[in-house]
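Comments concern the structure below.
No lab work stands behind these numbers, since they all come straight from the coordinates. A quick note: this is a predicted structure, and the numbers were derived from the prediction, not measured. We place every Cβ from the backbone using ideal geometry, glycine too, and count neighbours over all the protein chains shown.
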Amino acid sequence: MNDGLKTLLDICKRAIIPISAGVLGLIALFVGWVWVAVGLGLVVALGVYDAFQSHWTITHNYPVAGRIRWLGYDLRPYLHSYIVEDDLGGTPFSLAARRLVHARAEGKTDTQPFGTERNTDEDTYHWVGHSIAPATNPEKSPRVDVGSDQCKQPYSASVLNISAMSFGALSANAVRALNFGAKKGGFYHDTGEGGLSPYHLEHGGDIVWELGSGYFGARDKDGNFDSAKFAETAQRDEVKMTEIKLSQGAKPGHGGLLPAAKVTEEIARIRQVPAHQDCLSPRGHSAFSTPIEMLEFAARMRELSGGKPVGLKLCIGQPHEPFAIMKAIIKTGIHPDFIVVDGGEGGTGAAPLELSDWVGMPLSEGLILMRNALVGAGVKSQVRLAASGKVYSGMGLARSMAQGADWCNAARAFMFSVGCIQAQRCHMGTCPTGVTSQDPARQRGLVPEVQGERAARFHEKTVDALMEITASAGFEHPSALEPHHLMHRNGPEKALPMDQVHPFLPEGALLDAPEDTIYADFWRAAQAESFRPAIDLARARAS
């Protein structure tokens, strides 16, 4: 900074008080000092009200000043396209997406005036084909039964649930709010790999306990899986299903390290690790290393839980690996009860930029590949399929279900519903709404019972939107949606059903005639005994 600029800044700083006094003096000249005093008194009163109210997190934490954001938020539809971006251009979530979630969470209207703002001529545009004979009585709260013939305690899941987010990544109050919403709305709450905390249990919402490579909450002193600890927690009534996390969309194959400074006594107790020491989540699992061993581990988890459904959660990477899982299912006869596919566009509190940007298959492609693996191998009737990755709307649910998903999970959308404003300070501990901050002063603005109601409303309204789409297509349950109901523009003058844009295998195709499918090389490379390919794929194609 040059000397002239420093001098100018110093002058401005010294001038703030006299300028402010001058402004107040001018106002008083026209309206009188009494009215200035009244105005200042009203501002003080508003600040006191903001500090003690519990409905809005921003103004609770930042009295009066937080309302400036509201002014910008309300004026932005009229100004932001000339200054920053349009409604649909923001990332990771557009302004339109955030407004939709907030409107539904608040119970406000989510209708659209004056037609769509989307460019229906662009090559990526897609839509659901409606029917001349729409359904007159669609289900109000559609459910999905989860549990193979090897499961003793099947679970009835909502078509929309809270995706995996750990305590530690989220604040205690955010976890409380989400579980409150799950209980009230009748949907499940995935713990994330950080373990089952007391905050997940306070309101009695259904829990899916996720177990990652760190086995937090079910590990011995060396970090290996502890079956006795696992059984004790997995058999709790609140835990409805368990889930093996293989990878996640935002940072597949990364693992993670929670630095010693962040491993508080509370975090250490929940994760069952030493306090104030680095907490490692390895890249891969130590309990298994092959597809067969993974299924045997899943069967063991199901038995230890008392026969509750057990599933796998992964972001698809190398295409032969889902087929290796299918071959292991066929060889062992062990069925995971469900598989959750996470898209590469999924989010996390913090991830290496290159992994977020360039590693991991996007949700649509990964979901279709896993659907084809299950159907082609003839095991889809036993294994439910779920989708997770930037889902926030009824159309997102409908699109994923038409592509093969039985239900969807959402993480960031539910964060928005309890107050997140996409400040993108999750990794810094300075989240202004207290959703991802462990700072008690920031968390105080997030009142679980108030924000939990918002989460439940968001869920209800979004499922309602899904059922509006389902009914318009002529069906009473979204499970009836098929790829051909999803139309996709394929050029400036051409549109095709999704099953003509992407391949969708018929039942048993990989068993009957794998060489006739586009997956022939991947199926031949897959082996139940290893995740490594049995052949060199490049050489196989060349030959």
Query raised in the report: Hey, what do the phi angles of the stretch 187-195 turn into as Karplus ³J(HN,Hα) couplings, whole Hz, using 6.51/-1.76/1.60 and θ = phi - 60°, x for Gly and Pro?
Result: 9, 9, 10, 7, 6, x, 7, x, x
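If you count, for each residue, the other Cβ atoms within 10 Å and average over each peptide, how do 383-394, 145-156, 122-133 line up from highest to lowest?
Packing proxy ranking, top to bottom: 383-394, 145-156, 122-133.
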Report summary line: Calc'd 3J(HN,Hα), the stretch 477-485, phi into Karplus 6.51 cos²θ - 1.76 cosθ + 1.60 (θ = phi - 60°), Hz, glycine/Pro = x, comes to 9, x, 5, 7, 5, 10, x, 6, 7
Query raised in the report: Remind me, what semi-axes does the stretch 279-349 give for its equivalent ellipsoid, largest first in whole Å, using sqrt of 5 times each Cα gyration tensor eigenvalue?
Result: 21, 16, 13
Requested in this report: Grab the alpha carbons of the stretch 343-390, take their convex hull, and tell me the volume per residue in Å³.
Outcome: 76 Å³
Report summary line: Averaging 1/r across every pair of distinct alpha carbons in the stretch 182-259 and inverting yields a Kirkwood hydrodynamic radius, in angstrom, of 13.3 Å
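Return the Rg/Rh value of the stretch 303-381, two decimal places, where both radii are evaluated on C-alpha atoms and Rh is the Kirkwood radius.
1.03
Restricting everything to alpha-carbon atoms, can you work out Rg to Rh for the stretch 448-511 with a Kirkwood hydrodynamic radius?
Here Rg/Rh amounts to 1.18.
Could you please tell me the mean projected area of the C-alpha convex hull for the stretch 417-543, averaged over all directions and given in square nanometres to one decimal?
The directionally averaged projection comes out at 15.3 nm².
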Query raised in the report: Using alpha carbon coordinates only, what is the Rg to Rh ratio of the stretch 169-209, with Rh defined as the Kirkwood radius?
Result: 0.91
Requested in this report: Taking the dipole about the Cα centre of the chain, with the C-beta of Lys and Arg at +1 and of Asp and Glu at -1, give me whichever of N409, S289, A65 is farthest to the positive side.
Outcome: A65
Requested in this report: Report, in deg cm²/dmol and to the nearest 500, the calculated mean residue ellipticity at 222 nm for the chain, where each DSSP H run with n ≥ 4 adds -39500 (n - 2.57) and the sum is divided by the residue count.
Outcome: -12500 deg cm²/dmol
Requested in this report: Note down the Stokes-Einstein diffusion coefficient of the stretch 96-220 in µm²/s, whole number, using a Kirkwood radius over alpha carbon pairs, 10 °C, and 1.306 mPa s.
Outcome: 88 µm²/s
Query - Segment E365-Q53, extension gain: residue separation times 0.36 nm, minus the distance between their alpha carbons - result: 107.8 nm
**Report entry** Over 20 Å [Cα-Cα, the stretch 271-412], rounded percent
**Finding:** 53 percent
Query raised in the report: From the phi of every residue in the stretch 303-309, what ³J(HN,Hα) in whole Hz does the Karplus formula 6.51 cos²θ - 1.76 cosθ + 1.60 yield, where θ is phi - 60° and glycine or proline is x?
Result: 5, 5, 7, x, x, 7, x
**Report entry** DSSP beta bridges in the chain [antiparallel fraction, %, rounded to 5]
**Finding:** 35 percent
Report summary line: The Cα extents of the chain along the principal axes, largest first and rounded to whole Å, are 90, 62, 54
